[in-house]
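Read the structure below first, then the notes.
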Amino acid sequence: MTRLTRPVVIFGFAFALVAAWLAVTLIGANTTGPLAGFVDRLSTFTTIFLGIFIEAAPFLLLGTLGSGLVEVFFNKDDLNRLIPRTPLAGAIVGGLMGLFFPVCECGVVPLTRRLFKKGLPLSVGVSFLLAAPVMNPIVIASTLAAFGVGPVLFLRLGLTLLIAVITGLVFARQTHPERLLNATAWAEISGGSIDSPPLSAKQTGEGPGVGIFARPSLREGLPRVLTIAADEFFEMGRYLIIGSLLASFMQTVVPQSALLAVSSGPVISVLAMITLAVILSVCSTVDAFIALAFAGTFTTGSVLAFLVFGPMVDLKSTIMFLRVFNRKAVVYLILLPLAMTILFSVFINLNTTW
Amino acid sequence: MTPRIYRTLQALILAGLGVFLLEKIWSGTLYWYISNRFLLLTLLAALGFLILAQNILPRRRPAGAQPEHEHAEADHDHDHGEAAPAWGLFVVALPVILGLLVPARPLGAAAIANKGVNTSAPLVAGGGQTTKLDIAPADRNILDWIRAFNYASDPTTLNDQPADVIGFVYQDSRLGTGEFLVGRFAINCCVADALAIGMVVQWPEAASLAANSWVHVRGPVEASTANGQRIPLIKAESVESVPPPSQPYLYP
């Protein structure tokens with residue numbers, strides 16, 4: 001933005017806001033007017049948007065704090081020690097890492113990006129990104145509370161891990177992993193294993209990730225953790241908010257009754273529940289309770305599809321993926337889990353009787 | 001934008017988000033957006049926003065030398081000033097901006113157009129199936145009634161039990177004259193997953209009720225069917241206008 005256009009843009013924003021406010025107040029006062037329907041829709045849209053945002057905000061904050069902690073108190077050597085060297089073992093560890101980083105699908109994105117910056121191999125990070133929203137103590141507890149110990153719980157965890165590990169392995173085959181990452185998310189990451197030589201020559205020497213790392217004391221480190229968390233919140237928050245706007249827009253436009261009408265076909269019910277998961281965009285920590293509402297009428301496979309695919313890909317979190325990966329990688333991150341979820345869920349529908 | 005101004009704006013927006021959440025909690029309107037079990041989490045998030053804001057608000061520079069890490073932060077700021085453009089600040093401020101501009105309202109009859117309404121929803125989440133029948137009829141809300149009719153082995157045994165429910169008026173085009181739906185939204189976690197549920201009410205002056213106004217309906221229930229499903233129907237003896245309840249939604 002040049003010096004001249006910036007004030008124009010700021011005034012433009014301010015003017016648009018005042019105009020919108022005037023319009024809403026005037027029309028709102030006169031609810032019988034022809035625009036009353038619009039005001040109703042706007043009000044519904046805003047309520048749903050704020051609902052999604054208020055629900056997601058604490059979890060995103062948690063993720064950004066985790067990201068700050070990793071940046072300040074963690075270094076490359078710690079990662080080197082903890083991550084196994086073969087792609088398969090790496091992807092499995094990535095899939096299980098959520099057990100120690102309890103984050104949902106909003107919090108996992110900033111954390112994964114930070115771990116990539118610290119040199120986490122791509123396959124491990126992808127597997128972590130996809131699995132952590134389900135493979136974590138909070139979500140396991142909420143699924144247990146909703147469904148009890150049974151096939152839904154075990155299949156949710158098992159399928160999530162399986163899909164995350166397979167997707168991670170597909171990414172491990174990339175010979176140029178740095179090309180899949182957004183420029184802001186890569187340090188000197190390596191290929192499938194941490195053993196292979198660094199592929200990028202970016203050695204800026206900045207930050208504790210590179211060079212000699214002195215772990216700061218808590219008193220020194222904490223303000224930095226909070227500053228990083230704030231920056232991360234602004235970086236990721238805007239994508240979360242755009243995603244929430246999109247999700248609430250879809251909810252005010254797409255009639256859900258049409259989706260809920262198809263509850264029995266082995267394939268169509270799976271597709272309906274996947275669509276529902278994507279547009280509802282609810283946090284993985286609570287989605288089990290929502291799925292339970294459909295467990296009576298929808299096929300088991302479709303309820304599982306909701307529980308497995310929703311946490312991996314939904315409108316609000318997927319938009320945040322663009323902050324970590326490039327567009328092509330994001331397409332893979334959506335399509336691979338989608339194809340596998342459909343495959344496994346339809347298989348379950350066709351081959352089981354519960 | 002200089003790093004200092006950028007930081008100040010960031011701090012203001014974070015503080016704004018924190019105050020916004022606290023105001024929602026204070027005024028009780030938080031429940032228009034999210035289930036009450038998120039109260040503590042929302043409170044923590046509000047405090048988190050305020051702490052982050054306090055932490056990044058630029059300090060007044062002392063006359064003498066700057067502390068070491070303050071300097072490092074200033075360098076850091078500059079990077080981010082370019083990475084996160086001004087529109088990013090605007091977007092993050094959107095929850096507060098929209099919250100102030102658009103008059104806050106809980107989901108009502110107007111939202112049914114998109115969400116559809118259920119008269120026999122299988123909303124089984126939480127709550128045992130038999131316990132719902134233990135609630136005294138006069139204490140049952142719309143959700144309890146729908147469940148009771150879903151799970152009663154013979155719903156006609158519920159006939160003539162007195163219903164006493166509060167909900168919004170929804171004029172469904174599928175209903176006959178002299179009938180309306182008294183509805184509520186049932187919510188598991190936040191309004192994104194809201195499902196509208198309703199009971200058919202027989203009331204001669206149904207057409208005169210304003211859509212989306214709240215009413216208190218009293219009268220005996222009767223088992224009825226719609227599309228092959230058992231639904232409760234209220235033969236209203238009285239329908240009074242009431243103000244919207246402070247907890248607009250029902251929690252399964």
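What the table below lists for this structure:
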{"item": "Descending Cα extents along the principal axes, region A:239-354, whole Å", "result": "42, 28, 23"}
{"item": "Residues whose placed amide H lies under 5 Å from that of B:C190, excluding near-sequence neighbours", "result": "B:S35"}
{"item": "Derived scalar couplings ³J(HN,Hα) [region A:303-314; Karplus, 6.51 cos²θ - 1.76 cosθ + 1.60; whole Hz; x for Gly, Pro]", "result": "5, 5, 4, 4, 6, 8, 7, x, x, 7, 9, 9"}
{"item": "Residues with amide H under 5 Å from that of A:F325, placed H, sequence gap 5 or more", "result": "A:N182"}
{"item": "Stokes-Einstein diffusion coefficient of region A:66-113, Kirkwood radius over Cα pairs, 10 °C, 1.306 mPa s, in µm²/s", "result": "137"}
{"item": "Per-residue mean of C-beta atoms belonging to partner chains within 10 Å, peptide B:8-15", "result": "2"}
{"item": "Shielding of B:48-57 by partner chains, average beta-carbon count, 10 Å", "result": "5"}
{"item": "Most to least packed among B:42-48, B:234-240, B:156-162 [average Cβ atoms within 10 Å]", "result": "B:42-48, B:234-240, B:156-162"}
{"item": "Region A:127-138 - phi-based ³J(HN,Hα) in whole Hz, Karplus 6.51/-1.76/1.60, Gly and Pro as x", "result": "5, 5, 4, 7, 8, 3, x, 10, 7, 9, x, 5"}
{"item": "Whole-number D in µm²/s for region B:158-252 (Stokes-Einstein; Kirkwood sum over Cα pairs; 20 °C, 1.002 mPa s)", "result": "156"}
{"item": "B:Q171-A:F249 pseudo-label distance in nm [points 7 Å out on the Cα-to-Cβ vector]", "result": "3.2"}
{"item": "Average partner coverage of A:220-230, which counts Cβ from other chains inside 10 Å", "result": "5"}
{"item": "For A:S302, B:S246, order by how many other beta-carbon atoms lie within 10 Å, fewest first", "result": "B:S246, A:S302"}
{"item": "Charge context of B:E179, other residues only, Cβ under 13 angstrom, K/R +1, D/E -1", "result": "-1"}
{"item": "Rounded to whole Hz, the Karplus (6.51, -1.76, 1.60) HN-Hα couplings of region B:95-109, x for glycine and proline", "result": "x, 5, 4, 5, x, 7, 6, 8, x, 5, 8, x, 4, x, 4"}
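Throughout, read-outs are computed from the coordinates displayed, never taken from laboratory work. On a predicted model such as this, the values are computed, not experimentally measured, just so you know. Neighbour counts are summed over all protein chains in view; Cβ atoms, including those assigned to glycine, are modelled from backbone coordinates with ideal geometry.
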